[in-house]
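Structure first, commentary second.
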Amino acid sequence: MNQSDETEILEQKIIEQNDPHAIGAMILRYQDRLERVVAFRMDNRLRARVDAADVLQDAFIEANRRIVDYKLVANRMSFFLWLRFITLQKLQQLHRHHLGVKARDAGRELAIFEPGHGQATSLVLAAQLLGRMTSPSHAAMREENRRMLEQALSEMEEIDREALALRHFEHLNNAETAQLLGLSESAASNRYIRAVRRLKSVLDRIQNGTSGIFCDE
């Protein structure tokens with residue numbers, strides 16, 4: 001039995017039986033993926049106060065408490081995407097509590113794309129990309145590199161930046177990305193490839209042609 005079949009069986013047990021063993025198995029299966037989500041989305045100011053493991057623990061407790069809610073949306077989203085939604089809600093609550101950042105309404109549709117937050121997304125993406133450039137020569141030019149990346153990112157459409165964030169930093173697949181952004185799979189793929197190619201031109205200038213950070217589909 002392959003992993004896809006196992007996932008389908010576990011999801012059915014959750015939907016039909018509220019099977020706690022199936023819920024636990026699914027949470028364990030997605031723990032690493034959700035850690036990446038938290039690592040990418042957590043505000044740097046929060047990292048000294050809250051550990052990613054604490055966010056996930058709270059999210060998993062909440063998911064168990066609200067498992068009936070998953071049954072209502074299981075026909076249109078995977079258990080992973082639902083867990084991701086719960087995890088982001090918990091993270092947003094922590095942002096609001098510690099930093100005074102307005103959290104997303106918990107009743108909204110599952111989606112991370114939200115107009116009006118392009119600047120923050122550009123800053124986060126630039127910081128993440130620069131964090132992968134460890135050469136001393138790059139460090140010496142870090143400020144200029146940051147400006148170049150932020151400028152390139154800010155000129156993209158917000159939905160392209162989100163496609164980049166979801167695919168490259170959260171490691172979601174194209175189908176998951178398309179669902180979150182409300183796009184067809186071909187449109188989501190095209191946006192991601194377009195964003196990658198645009199950034200590669202900037203990274204080539206920064207890294208003298210060695211922009212191996214990204215790979216096209």
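For the subset of the stretch 34-58 comprising residues that are acidic (Asp, Glu) and in a helix (DSSP H, G or I), which member is surrounded by the most Cβ atoms within 10 Å (Cβ to Cβ)? Going through the qualifying residues, I end up with 58.
Within the stretch 145-168, residues that are free of Cβ contacts under 8 Å to residues at least 24 places away in the same chain and at negative phi reach partners that are part of a helix (DSSP H, G or I) and surrounded by fewer than 20 Cβ atoms within 10 Å (Cβ to Cβ) with beta carbons closer than 7 Å, at six or more positions or on different chains, in the pairs 146/130.
Just a yes or no: is a residue in the stretch 58-74 more than 29 Å from residue 95 (Cα to Cα), of a type in the set (Ser, Thr, Tyr) and under 22 Å from the mean Cα position of the chain (by Cα)? The answer is no; no qualifying residue exists. Please verify whether the stretch 200-213 includes one or more residues that are among the aliphatic types (A, V, I, L, M), surrounded by 13 or more Cβ atoms within 10 Å (Cβ to Cβ), over 17 Å from the mean Cα position of the chain (by Cα) and at pLDDT 80 or above. Within the stretch 200-213, not a single residue is among the aliphatic types (A, V, I, L, M), surrounded by 13 or more Cβ atoms within 10 Å (Cβ to Cβ), over 17 Å from the mean Cα position of the chain (by Cα) and at pLDDT 80 or above. Note on the stretch 146-205: residues that are over 17 Å from residue 125 (Cα atoms) and basic (Lys, Arg) total 1.
Here's the yes/no breakdown for (1) assigned by TED's automatic domain parsing to the domain that holds residue 7; (2) touching a helix residue (DSSP H, G or I) at 6+ places or on another chain (Cβ under 9 Å); (3) touching a residue at least 24 places away in the same chain (Cβ under 8 Å):
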site: 40; (1), (2), (3): yes, yes, yes
site: 45; (1), (2), (3): yes, yes, yes
site: 54; (1), (2), (3): yes, yes, no
site: 62; (1), (2), (3): yes, yes, yes
site: 69; (1), (2), (3): yes, yes, no
site: 72; (1), (2), (3): yes, no, no
site: 80; (1), (2), (3): yes, yes, yes
site: 84; (1), (2), (3): yes, yes, yes
site: 90; (1), (2), (3): yes, yes, yes
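Those helices (runs of 4 or more DSSP H) of the stretch 136-206 in which at least 1 residues are β-branched (Val, Ile, Thr), considering only elements entirely within it, cover 158-164, 174-181.
The values are calculated or read from the model by the stated rules, or taken from the named source; none is laboratory data. What you see is a predicted model; the values in this text were computed from it and never measured. Every residue, glycine as well, gets a Cβ built from its backbone with ideal geometry; the counts of neighbours run over all protein chains shown.
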